[in-house]
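Heads up, the thing below is written out as structure tokens.
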Amino acid sequence: MSESEEGRRFRALFISDVHLGTKGCQAELLLDFLRDHDADVIYLVGDIIDGWRLKQNWYWPQAHNDVVQKLLRKGRKGARIIYIPGNHDEFLRSYYGSHFGGIDVVETAIHESATGKRYLVIHGDFFDVVVRHAKWLAYLGDWAYETALTVNTYVNMARRKLGFPYWSLSAWAKLKVKNAVNFIGQFEETLSAEAHKQEVDGVICGHIHHAAMRDINGVAYVNTGDWVESCTAVAENYDGSFELIRWTESRPEVQAPVAETAARGIRAAA
């Protein structure tokens, strides 16, 4: 990582699950983050645009357009941008191999770190049984999730008036419901096994909206989280170390430290 008057610069930056086109998208916070962070390579690890939601109800405020323009501007300034579509922006999967406005659309990518470690970069929905084999159930879950986010909006309005920081109801529930916890564990194990199968050192993914960096059976598992609940991204520094940035905790006005515990784990793995 390097510091400048404009903010922090990284060797690589990984962002996923922004869900532009939904009311739950934290576009303003992402814009805030992108103003302060740059990278030589930016990976958009799926579900950047929510085609599912836009197909049902068009919602595209100016802030969502600003995010797209900000990313395109970074591409024009020299950043290499690699877009790996997820299930919510699967309409872009027809364009693998295409180059749009400085953005390369690919199915998966192999990222080589400064230390020579190789990471499979993939959204992860192909390893979600519900998404692959019961899409109607995935749509139902998406509706329930959107409802929870709406409730969460009102909860946080009340919390702000009381002087409390942002809190995610859906993220809290995800860690309290046994089936959700089991699903997260199975997803992490499956993605790590896929990385091992492909003979790489780690996997960087998204999809489940649960940011994490850990070693699983000798494989570095990295999940970028999302910009709906947790507002997280993963960055590779110029020394090859990785860090998980929790933006709602590390923004200057909040003055909470960047999450370093998980970062130390991945640094050891690298």
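Across the range 60-74, rounded Karplus estimates of 3J(HN,Hα) from the backbone phi angles (6.51 cos²θ - 1.76 cosθ + 1.60, θ = phi - 60°) give 8, x, 4, 4, 5, 5, 5, 4, 4, 5, 5, 5, 5, 5, 4 Hz, Gly and Pro being marked x. Taking each residue as 0.36 nm, the span from residue 186 to residue 31 lengthens on full extension beyond its C-alpha to C-alpha distance by 52.5 nm. Taking θ as phi - 60° and the Karplus parameters 6.51, -1.76 and 1.60, the scalar couplings of the range 111-127 work out to 9, 9, 6, 5, 8, x, 6, 10, 10, 6, 10, 8, 5, x, 5, 5, 9 Hz in sequence order, x denoting glycine and proline.
Taking label positions 7 Å along the Cα-Cβ direction at both residue 112 and residue 164, the computed distance is 4.9 nm, reported to one decimal. Here's how it looks for residue 231: its modeled amide H is under 5 Å from those of 226, which are all 5 or more places away or on a different chain. Remark: the residue 199-residue 126 segment gains 24.4 nm on full extension, using 0.36 nm per residue and subtracting the alpha carbon distance. For the range 3-86, taking Cα atoms only, Rg and Dmax work out to 13.0, 43 Å respectively. Counting 0.36 nm for each residue step from residue 80 to residue 41 and taking away their Cα separation leaves a gain of 13.6 nm.
Here, each number is a calculation from the coordinates, and none is a lab measurement. These numbers were taken from a predicted model, which means no experiment stands behind them. A quick note on method: Cβ atoms are made from the backbone with ideal geometry, for glycine too, and the neighbour counts reach across all protein chains shown.
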